[in-house]
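*Asks:* Dropping the structure in here first, questions after.
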Amino acid sequence: MSPEIIQAPEWAWYYIAIYFFVAGTSAGAYFIGTMEELFGSGREREVSRAACYIAFPLLTLVPIPLIADLGRPERFWHLFVYNQAGYPYLNLQSPMSVGSWVLLVFSVCALLSFLDNLVADKIISFPLFSRYYNRIPRKLYAVIGSLAGFFIAGYTGVLLNVTARPFWAATSPLMGALFIVSGASTGAAAISLFLIWRKRNSGGEVERLEAFDRVVMVAELVLLAALLVMAGRTAAPLVSLPFIVMFWMGTVVFGIVVPLWFKIRSRAERFGANPVLAHYLFILLGGLLLRISLLQAGQL
Amino acid sequence: MPKGMFIDTTICTGCKSCQVACKQWNGLSAEPAHFGRKPGVSYPVAHNFTGDSYDNTGSLSATDWRHVRFVEQIDEPRTQKRWLFSSDSCKHCTDAGCLNACPTKAIQRTDLGNVVVQQDTCIGCKFCIPSCPYGVISFSEETGTARKCTLCNDRIHNGLGTACAKACPTGSIRFGEVADLRKRADARVAQLKSKGEKAQVYGYDEADGLNVFYLFVDGPKVYGQPEHPIVPQRRLVLCSLVTILTALGIGAAALVSFRERLNGTSEEGRHES
Ligand code: SF4
Ligand code: SF4
């Protein structure tokens, strides 16, 4: 007989953890793109372009797992409209409610930036609107989108922290912080991969991105350590079998420590293209395994 | 005026009438315990027996809105034995974690203070389930929604008491105005204390007051209740602040790395030219 029986929600990791990861990466990339747009040199626009091309397409994947995990998927719209009375509903105490609304805001901003870049790259054109093209408030929605993006990256962690499950409760208030930092790091990795694919991964811009990512990954390690200390005995699942491989090897060693070491070394020496490509993939995989581990460790 | 229930565990006999009445009134399916054949096993195998005293469900669930817990206390030399029973359900908290968490307004408090899940609004997001500090509300695979005790919402709005209180043959479960029930509880605690029992009421302060509260003669943990339940949303402000601060930190890191490097590269550019 276990004295305290706080039930797990049994959220399916292949829906919810993947959502956490995809949304976090999209938000991280969008934020980096905006910062580069606002504060970068303005001569090179590769990073912010890549960010816009990553953020929105990733977001289009998001509704699928979110809706699929519901017990009554056909009612997903109840998140926005109170079905008994027909008015819009927002519950400020519920990260799930606020998150749904902010996800809408973020999606709109990411879509606008995406279209904007398609037009700038002459892939599509809107003849009707071309006269107004220079008057579009693109900085405004980039900033709104970045703030919304931060929210999207972080609220998933806050959502776990404000439950009564022992591991999620014990790691309060650090989960949101960790997810934001991880989102920034995987976002940067996604941008870098995109630039490698477009063969544009050189120049001052890319170096600035790397410098940013080094700081972020150090912060991620520190936060992760603090989180584990706070979790104490509630983190017991993390030292059982699937997690030893997934969390300690996948996230900590190959997802953060090895890529970070690689990044610090690669300032001095030059590696070939393949190891560079691989270390970005490791960062992404590490971010995904981080979400799966922290979700499942709270549900066991 | 909120209505609620007072569970005097000291006069419960563990007959489970309340469990049965609850299932009948609310039309909840049963999971019958029985012995059955299992391929490859020569003897009949027990299904749905917890093996834990006379406990037959083990916990509350989507189809068990009431659960009688049996606690066998035996001292070290195995000479003294005490058997404690406690009939458990949703506590209809004044500050209800499940209600706070629900993103669809499916969980509502009625004018009588009870907390009800509207089955035609719930989307089955399952966020309320880990948000209840008592592990009460449960997800039903059958309906795809969250389900729990409604304090017999239909009965109490038509002048009846709850089905479990009606069925209870000893008066251990009492339905009524919370204020009246508290007076009754205090009187009973005083009575037991005068006889040297260490009696206490569980549910005056927890979650701003539980509309369904208990009289215990041992620690809450013994009865399967958390000692210090915390309404999880009370962590929301701190969590949000720390997350916002981190976001600001990341923003500052981006600013510094993108700015600094900008100067760096322009200087390099100057050297080259
Ligand atoms: S006991 Fe749990 S399910 Fe019942 S009202 Fe309180 S938080 Fe909600
Ligand atoms: S499962 Fe239903 S009742 Fe529970 S939080 Fe989600 S919508 Fe609300």
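*Asks:* Looking at (1) touching a helix residue (DSSP H, G or I) at 6+ places or on another chain (Cβ under 6 Å); (2) crowded, with 16+ Cβ neighbours inside 10 Å; (3) free of Cβ contacts under 8 Å to residues at least 24 places away in the same chain, which is the only condition A:V102 fails?
*Replies:* Looking at each condition in turn, A:V102 falls short on (3).
*Asks:* Right, another one. Within the range B:93-113, which residues are facing chain A (nearest Cβ under 7 Å) and more than 8 Å from ligand 1 (Cβ to nearest atom)? Give the derivation first.
*Replies:* Applying the first criterion (facing chain A (nearest Cβ under 7 Å)) to the range B:93-113 yields B:97, B:100-105.
If the condition is that a residue be facing chain A (nearest Cβ under 7 Å) and more than 8 Å from ligand 1 (Cβ to nearest atom), then B:N100, B:A101, B:C102, B:P103, B:T104, B:K105 are the ones that fit.
*Asks:* Just checking, does the range B:84-101 include any residue being within 7 Å of ligand 2 (Cβ to nearest atom) and assigned by TED's automatic domain parsing to the domain that holds B:Q24?
*Replies:* So the first thing to find is which residues in the range B:84-101 are within 7 Å of ligand 2 (Cβ to nearest atom), and the list is B:98, B:101.
Filter once more, keeping what is assigned by TED's automatic domain parsing to the domain that holds B:Q24: B:98, B:101.
Within the range B:84-101 (the criterion being within 7 Å of ligand 2 (Cβ to nearest atom) and assigned by TED's automatic domain parsing to the domain that holds B:Q24), the answer is yes, since at least one residue qualifies.
*Asks:* Is at least one residue of the range B:41-62 within 16 Å of ligand 2 (Cβ to nearest atom), open to solvent by less than 20 Å² (accessible area, probe 1.4 Å) and either at negative phi or among the charged types (D, E, K, R) (or both)?
*Replies:* Within the range B:41-62, one or more residues are within 16 Å of ligand 2 (Cβ to nearest atom), open to solvent by less than 20 Å² (accessible area, probe 1.4 Å) and either at negative phi or among the charged types (D, E, K, R) (or both).
*Asks:* So, one more: From the residues in the range B:63-83 that are among the aliphatic types (A, V, I, L, M) and either open to solvent by 10 Å² or more (accessible area, probe 1.4 Å) or not assigned by TED's automatic domain parsing to the domain that holds B:P32 (or both), which one is farthest from B:C22 (Cα to Cα)?
*Replies:* Going residue by residue through the range B:63-83, those that are among the aliphatic types (A, V, I, L, M) are B:68, B:71, B:74.
Imposing the further condition that a residue be either open to solvent by 10 Å² or more (accessible area, probe 1.4 Å) or not assigned by TED's automatic domain parsing to the domain that holds B:P32 (or both) reduces the set to B:71, B:74.
Values: B:V71: 22, B:I74: 31 Å.
So, considering only residues that are among the aliphatic types (A, V, I, L, M) and either open to solvent by 10 Å² or more (accessible area, probe 1.4 Å) or not assigned by TED's automatic domain parsing to the domain that holds B:P32 (or both), the one farthest from B:C22 (Cα to Cα) is B:I74.
*Asks:* Take the residues in the range B:103-115 that are more than 9 Å from ligand 2 (Cβ to nearest atom) and open to solvent by 20 Å² or more (accessible area, probe 1.4 Å); name whichever of them is farthest from B:W65 (Cα to Cα).
*Replies:* B:D111
*Asks:* Let me ask something additional. In the range A:196-218, which residues are touching a residue at least 24 places away in the same chain (Cβ under 8 Å) and surrounded by fewer than 21 Cβ atoms within 10 Å (Cβ to Cβ)?
*Replies:* Those that are touching a residue at least 24 places away in the same chain (Cβ under 8 Å) and surrounded by fewer than 21 Cβ atoms within 10 Å (Cβ to Cβ): A:I196, A:R198, A:R200, A:G203, A:G204, A:V206, A:E210, A:R214, A:V218.
*Asks:* For the condition within 14 Å of chain B (Cβ to nearest Cβ), away from ligand 2 (no atom under 16 Å from the Cβ) and crowded, with 17+ Cβ neighbours inside 10 Å, what is the one hit in A:N161, A:N117?
*Replies:* Every option except A:N161 fails the conditions.
*Asks:* Would you point out the residue of the range A:249-278, among those that are aromatic (F, W, Y) and surrounded by fewer than 15 Cβ atoms within 10 Å (Cβ to Cβ), that is nearest to A:W168 (Cα to Cα)?
*Replies:* If we take residues in the range A:249-278 being aromatic (F, W, Y) and surrounded by fewer than 15 Cβ atoms within 10 Å (Cβ to Cβ), then A:W261 is nearest to A:W168 (Cα to Cα).
*Asks:* Is it true that B:K195 is more than 16 Å from ligand 2 (Cβ to nearest atom), on the phi < 0 side of the Ramachandran plot and open to solvent by less than 10 Å² (accessible area, probe 1.4 Å)? Spell out how you get there, then give the answer.
*Replies:* On the way: more than 16 Å from ligand 2 (Cβ to nearest atom): yes; on the phi < 0 side of the Ramachandran plot: yes; open to solvent by less than 10 Å² (accessible area, probe 1.4 Å): no.
No, not satisfied.
*Asks:* Something else now. Look at the range A:41-97 and say how many of its residues are part of a helix (DSSP H, G or I) and basic (K, R).
*Replies:* Total satisfying the criteria: 2.
The values are calculated or read from the model by the stated rules, or taken from the named source; none is laboratory data. Treat the numbers as computed from the prediction; the structure is a model and nothing was measured. Neighbour counts run over all protein chains shown; Cβ positions are idealised from the backbone, glycine included. Note: areas computed on protein heavy atoms with side chains; ligands, DNA, RNA excluded. Shrake-Rupley method; radii C 1.70, N 1.55, O 1.52, S 1.80 Å.
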